[in-house]
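The values are calculated or read from the model by the stated rules, or taken from the named source; none is laboratory data. What you see is a predicted model; the values in this text were computed from it and never measured. Here Cβ is always computed from backbone atoms with ideal geometry, including for glycine, and neighbour counts include all displayed protein chains.
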Amino acid sequence: MLLLVLRRVLATVPVMAVVALVVFLMIRLTPGDPAAVLAGDNATLDQIQRIRANLGLDEPLWHQFAAWVGQLARGDLGTSIFTQLPVTTLIGQRVEPTLMLALTTMVFSILVAVPLGVLAAWKAGTWIDRLIMVVAVVAFSFPVFVLGYLLVYQFGISLRWLPTQGYRSPFADPWGFVRHMTLPALALSSIYIALITRITRASVLEVLGEDYIRTARAKGQTEAKVLFRHALGNAAVPIVTIVGIGVALLIGGAVVTETVFNIPGLGRLVVDAILRRDYPIIQGLILVFSLVYILINLLIDIAYTALDPRIRY
Amino acid sequence: MDLTRRDMMAGAAAAGAAAGLPGGALAQAKPSVLRVVPHANLQILDPIFTTIYISRNHGYMVYDTLFALDDQLQPRPQMVDTWEVSPDRLRYTFRLRDGLAWHDGSPVTAEDCTASLVRWSRRDPMGQRLFAIVDKLEAQDAKTFVMTLKQPYGIVLETLGKISSNVPFMMPKRIAETPADQQIQDTTGSGPFMFKRDEWQPGNKAVWVKNPNYKPRAEPVSSAAGGKIPKVDRVEWYTMDPNTAMNALIAGEVDYWEQVTPDLVPIVKQAQGVKVENLDPIGNMGWGRFNHLVAPSNNPLIRHAAMKAVNQEDYLRTAIGDPELYRVCKSIFPTGTPLYNEAGVDMVTQNQADARALLKQAGYNGEEFAILQPTDHPVLNPFTLVTAEALRKVGFNVKLVAMDWSTLGQRRTSREPVSNGGWNMFHTWWIGGDVINPLTGVGFAAAGEKGWPGWHTDPRTEELRAEFAAAATPEEAKKVAAAFQARTYEIGSYINLGQFFVPVGYRENVRGMIPSPVQFFWNMAVA
């Protein structure tokens, strides 16, 4: 196991190097000029050119790349061209809301979807199964922003039960956190509830046909124990995979939800940076996202060994 | 400058003492907060380095100005107490008001002001023009400085009181000595509010607190001039998407939305407890800017054909919609401003037959006419589509080049031919305060390839700008401005798309909004 972890950690180095190179080249080959945005609409060409020179944007690409890699080697992700704040500071400001949104969404999705999936598998072929699957298809097909605005209209504006936007830290204001996170987590979890429900149903259904399930029942185990201990336990590997990928996707991919509910997360940070061509932020964030993907995949692999003793690395 | 809780409490206690209230009681009172959705995300804290309007608005929070324009767009003293002009109009002596202090408590000096003016003059076109004839600028004593000119200049005070980007904000000398093409990071000013850098989350939130030591002028507030009285303890800006801003305003989670987007105005107007109002007396002016370097728009007849092909009201009706929020204005200076006139407006009155004839006269052979289209911009995208349709009707071979607004900002700097990524036209707008005279509008300058994208060169235009700068009386200035407008249309500098207004939305408990082309937050209170 230790060897696996070591091997995978070492493997991140060439992966990150390739990501760094691709990201660097892609954003510089994309049209757009941070100097023009920085100078403002009223700026003359002369002013823009001076800013470009000041930022080193007129230097050869290899020179700019070497300077950035040098910074990375010192653990420095650079400084935002616009705000002049370190990229690490900007990421630090945004990590908590994003992580909290991802975790709340996933916890809520698992709590709802896994029992639903198990129920659908247990009642396979009945109206209960069909109802759950229809609901899952509808939830999966519903765009997050539409559901988000509907929830805001109903619970934020019409009923005034919950705030329409914003974020509160659970460490500073736990009740505020619950109130502010309820609608975004509900909106965002609809897709994951649908996805996890379907995966859980398929996996549990497959396991329910196994000999050891019949044996468990023959030994007089209660149906709940059969379903949740023997069937779900053995069906957990694909579910864990989906949950892991879901968390990784949510770290940088909840842009729409963050925008609709005004949550100051990493997704909005990267979109704002792309719109302004704030190269250091884009580069730094994509590197961080890549690292998160690699680490979560590693955690998923480790979780496999705990869930299925037959899996060995 | 970072403010600690202790600083704030001390400030509140000082304010309480000044008002004859028990300081301790006031310090414990809940601070009054004005929660605002600004028109853009505050990313750059240096309003001299950039011309971006949101940085200018931040500048007005933390800095003060020597002069400021009132609601008649006339310059009034702000930090300046008294001033004298020598009979030959070459020597201006300015004396600062008593009691002016920076946020760190140190006094504002004449040297601070001269250093600030020098830095500003390196960025701002009006400043550059003024400083081209400044012979000497020097502090005479701690509160007095003298500006000596090489020749008379008619709009010294108007220049020092310039209302929009770049505004000549005053900064401490140590900060003003930063090179003009480097951003400053220290936000120490002497304005009515102090920036809370420790609470700044770019893209999300920016906070200012009341400057307890600010000494407002005694005159009533009038646009940027008069007594700037900070009436709330904190002003908080939250950046959000327009739909989210609308929901937050209706739900009472924010108090004030600086720019209600045109498509959402009808919904916000119907909401309970919310008002929508236009506070900007002169609004914005839309422009369709030609590229004067690249074919076919480098041909003046082609540009005139395009100007004759379009109808101003079509733009305004399409992009803005509500007739209360737009005004047909064929003058290059906004309706309601002193230099508004009707010289040369026949050139911009739609006549499609004339447009076709001009195209024929120009020998136009269906060459591609490339228009940059910012698909993500709620006003400029419809402007672009209206132009494309109107030009196609008279025979232009229009090619729309779709992109986002940021990309357009870069693409419009290209001077290449259309076949090589160049362009013939793009659309933009200016706040009215930017185009109130021939010198304020950077796009008015005929500075050729060193100027603003479009790059028209016209010695007569520059002569008229110089004549305007030297005009000794308002009547003379108006006469020159009319000639300047006629010349602007004669050379086909750009298509005037008219005047439009973007209203604010606010909760009914917000008081003290200031009618002005620029958003200010002093004088505003939450009941």
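Observations on the structure shown:
- Filter pass, B:THR387 being β-branched (Val, Ile, Thr), in contact with a helix residue (DSSP H, G or I) (Cβ under 9 Å, 6 or more places away or on another chain) and over 15 Å from B:ARG303 (Cβ atoms): no
- The set of residues from region B:104-139 being in contact (Cβ under 8 Å) with a residue 24 or more places away in the chain and assigned to a loop (DSSP other than H, G, I, E, B) comprises B:ASP104, B:GLY105, B:SER106, B:VAL108, B:THR109, B:ARG122, B:ARG123, B:ASP124.
- Some residue of region B:355-372 being touching a Phe, Trp or Tyr at 6+ places or on another chain (Cβ under 6 Å), at negative phi and not aromatic (Phe, Trp, Tyr): yes
- The requirement of being of a type in the set (S, T, N, Q), assigned by TED's automatic domain parsing to the domain that holds B:TYR489, part of a helix (DSSP H, G or I) and under 25 Å from the mean Cα position of the chain (by Cα) is fulfilled nowhere in region B:283-291; no residue meets it.
- Of all residues in region A:145-162, those satisfying the criterion of being over 18 Å from A:ALA254 (Cβ atoms) and within 11 Å of another protein chain (Cβ to nearest Cβ) are A:TYR153, A:PHE155, A:GLY156, A:ILE157, A:SER158, A:LEU159, A:ARG160, A:TRP161, A:LEU162.
A quick yes/no check of all residues on (1) surrounded by 16 or more Cβ atoms within 10 Å (Cβ to Cβ); (2) over 26 Å from the mean Cα position of the chain (by Cα); (3) within 14 Å of another protein chain (Cβ to nearest Cβ):
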| site | (1), (2), (3) |
| --- | --- |
| A:LEU85 | yes, no, yes |
| A:PRO97 | yes, no, yes |
| A:SER109 | yes, no, no |
| A:LYS123 | no, yes, no |
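- Exactly one residue out of B:SER190, B:SER121, B:SER165 is within 16 Å of B:VAL80 (Cα to Cα), buried (at least 23 other Cβ atoms within 10 Å of the Cβ) and of a type in the set (Gly, Ala, Ser): that is B:SER190.
- B:VAL254 vs. criteria in a loop (DSSP other than H, G, I, E, B) and among the aliphatic types (A, V, I, L, M): yes
- Subset of region A:70-83 that is of a type outside the set (S, T, N, Q) and in contact with a Leu (Cβ under 9 Å, 6 or more places away or on another chain) - its residue that is surrounded by the most Cβ atoms within 10 Å (Cβ to Cβ): A:PHE82
- Taking the criterion of being more than 25 Å from B:PRO242 (Cβ to Cβ) and either of a type outside the set (Asp, Glu) or outside the structural domain of A:THR257 (by TED's automatic domain parsing) (or both), the residues of region A:145-183 that qualify are A:SER169, A:PRO170, A:PHE171, A:ALA172, A:PRO174, A:TRP175, A:PHE177, A:VAL178.
- Residue-level check: of (1) without any contact (Cβ under 8 Å) to a residue 60 or more places away in the chain; (2) surrounded by fewer than 18 Cβ atoms within 10 Å (Cβ to Cβ), B:ILE250 misses just (2).
- The criterion of at least 1 residues that are within 14 Å of another protein chain (Cβ to nearest Cβ) is met by the following helices (runs of 4 or more DSSP H) wholly inside region A:212-302: A:255-260, A:266-276.
- Test: residue in region B:33-54 that is free of Cβ contacts under 8 Å to residues at least 12 places away in the same chain and either in contact with a helix residue (DSSP H, G or I) (Cβ under 7 Å, 6 or more places away or on another chain) or part of a loop (DSSP other than H, G, I, E, B) (or both): no
- From the options A:LEU61, A:LEU29, residue that is out of contact with any helix residue (DSSP H, G or I) (no Cβ under 9 Å at 6 or more places or on another chain) and of a type outside the set (D, E, K, R): A:LEU29
- Hey, B:PRO192 more than 9 Å from chain A (Cβ to nearest Cβ) and within 15 Å of B:VAL235 (Cβ to Cβ) or not: yes
- Test result for A:ALA17, more than 7 Å from chain B (Cβ to nearest Cβ) and either surrounded by 15 or more Cβ atoms within 10 Å (Cβ to Cβ) or closer than 24 Å to A:PHE289 by Cβ (or both): yes
- For B:ALA370, the stated conditions do not hold, so it cannot be described as in a helix (DSSP H, G or I) and among the small types (Gly, Ala, Ser).
- Lone unmet requirement of (1) part of a helix (DSSP H, G or I); (2) in contact with a Gly (Cβ under 8 Å, 6 or more places away or on another chain) for A:TYR153: (2)
- Which numbered condition B:GLN183 misses (of (1) farther than 30 Å from A:PHE155 by Cα; (2) within 10 Å of chain A (Cβ to nearest Cβ); (3) buried (at least 24 other Cβ atoms within 10 Å of the Cβ)): (3)
- Within region B:112-145, considering residues that are away from chain A (no Cβ under 14 Å) and in contact with a Ser or Thr (Cβ under 6 Å, 6 or more places away or on another chain), the one farthest from A:LEU45 (Cα to Cα): B:ALA142
- Among the residues here, B:PHE94 qualifies as in contact with a helix residue (DSSP H, G or I) (Cβ under 8 Å, 6 or more places away or on another chain) and without any contact (Cβ under 8 Å) to a residue 60 or more places away in the chain.
- Number of the condition not met by B:GLN259 [criteria: (1) more than 12 Å from chain A (Cβ to nearest Cβ); (2) out of contact with any strand residue (DSSP E or B) (no Cβ under 9 Å at 6 or more places or on another chain); (3) within 28 Å of B:ASN381 (Cα to Cα); (4) not small (Gly, Ala, Ser)]: (2)
- Screening region B:386-496 for helices (runs of 4 or more DSSP H) wholly inside it with 3 or more residues that are more than 13 Å from chain A (Cβ to nearest Cβ) returns the ranges B:459-470, B:474-490.
- The number of residues in region B:294-330 that are under 17 Å from B:GLY283 (Cβ atoms) and buried (at least 22 other Cβ atoms within 10 Å of the Cβ) comes to 7.
- Residue in region B:140-155 that is in a helix (DSSP H, G or I), on the phi < 0 side of the Ramachandran plot and without any contact (Cβ under 8 Å) to a residue 40 or more places away in the chain present: no
- Boolean, A:LEU103 is surrounded by fewer than 19 Cβ atoms within 10 Å (Cβ to Cβ), outside any helix (DSSP H, G or I) and of a type in the set (A, V, I, L, M): no
- Some residue of region B:220-237 being surrounded by 21 or more Cβ atoms within 10 Å (Cβ to Cβ) and within 14 Å of chain A (Cβ to nearest Cβ): yes
- Annotation: of all residues in region B:156-172 being assigned to a loop (DSSP other than H, G, I, E, B) and of a type outside the set (Gly, Ala, Ser), the one that is farthest from the chain's Cα centre (by Cα) is B:PRO172.
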